[in-house]
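Contents: one structure, followed by commentary.
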Amino acid sequence: MNRVLAGLTALPFVTACVALGAAPAHADDTTCRGTIGAVSLDGNVIVPEGALCRLIGTRVDGNVHVQSGAILKAKGVRVGGSVQSENHERVVVKALNGRRSHVDGSIQLKQGGGGRIAKTSVGSDIQLFTNGGLFVVERNHVDGNLQCKSNNPKPIGGNNVVQGNKEDQCRDL
């Protein structure tokens, strides 16, 4: 009887969420505003629109999603998935105190501002497409391709070790 009553009590809330179009949050997602230090996080990290997120020595089991107008400064991180953004303001992924950052998936940044990818090991591709800010890409180890297209200005840097191809604007990096 109590279970039935509890279920009926929750029903109006669930109905309201569905009617209002509210999407349920994934329990393992972490919203980042400010700084997250050397901890391990299950799931994804979301940098909300217009926010600044600093990940310092953080381990993320999922992806890092940087939303429109947001800034990510990731130093000495380990990301089990990918770092992705469309319309970011700035994205930085680099070493901390000589310790490389590691991204097991790809770094995919498009139609945003600039940033820096330095001293990072990337398990798949680095893709920089149609960004309007300066990107510095240097001293990375990339298991896939380094692909840069339609960025203005074109990315600068060098000394990247790429297992696949260096393409278009990044062919000399």
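Per-structure values
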read-out: Extreme residue, nearest to the chain's Cα centre (by Cα), among residues of region 58-76 that are among the aliphatic types (A, V, I, L, M) and not in a loop (DSSP other than H, G, I, E, B); value: VAL64
read-out: Residues of region 77-102 classified as in a loop (DSSP other than H, G, I, E, B) and farther than 19 Å from GLY37 by Cβ, total; value: 5
read-out: Residue match in region 149-166 (condition: part of a strand (DSSP E or B), surrounded by fewer than 17 Cβ atoms within 10 Å (Cβ to Cβ) and in contact with a Lys or Arg (Cβ under 7 Å, 6 or more places away or on another chain)); value: no
read-out: Close pairs from region 138-165: first basic (Lys, Arg), partner at pLDDT 95 or above and assigned to a loop (DSSP other than H, G, I, E, B), Cβ under 6 Å, at least 6 apart; value: ARG139/LYS119; ARG139/ASN159; LYS154/GLN169
read-out: Residue count for region 99-142, restricted to those that are surrounded by 24 or more Cβ atoms within 10 Å (Cβ to Cβ) and either under 16 Å from ASN165 (Cα atoms) or among the β-branched types (Val, Ile, Thr) (or both); value: 10
read-out: Residue match in region 30-51 (condition: touching a Pro at 6+ places or on another chain (Cβ under 9 Å), surrounded by 12 or more Cβ atoms within 10 Å (Cβ to Cβ), in a loop (DSSP other than H, G, I, E, B) and modelled with pLDDT of 95 or more); value: yes
read-out: Hey, THR15 at pLDDT 95 or above, of a type outside the set (A, V, I, L, M) and surrounded by fewer than 16 Cβ atoms within 10 Å (Cβ to Cβ) or not; value: no
read-out: Evaluation of ARG54 against (1) touching a Cys at 6+ places or on another chain (Cβ under 9 Å); (2) surrounded by 20 or more Cβ atoms within 10 Å (Cβ to Cβ) (one fails), failing number; value: (2)
read-out: Residue among GLY105, GLY80, GLY69 that alone is touching a strand residue (DSSP E or B) at 6+ places or on another chain (Cβ under 8 Å) and without any contact (Cβ under 8 Å) to a residue 40 or more places away in the chain; value: GLY80
read-out: Of all residues making up region 108-142, the number that are over 15 Å from the mean Cα position of the chain (by Cα) and of a type in the set (Gly, Ala, Ser); value: 2
read-out: Selection status of LYS75, within 15 Å of VAL45 (Cβ to Cβ) and either surrounded by fewer than 16 Cβ atoms within 10 Å (Cβ to Cβ) or without any contact (Cβ under 8 Å) to a residue 60 or more places away in the chain (or both); value: yes
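The values are calculated or read from the model by the stated rules, or taken from the named source; none is laboratory data. Being a predicted model, the structure only gives us computed values, none of them experimental. FYI the Cβ positions are ideal-geometry reconstructions off the backbone, even for glycines, and counts take in every protein chain you see.
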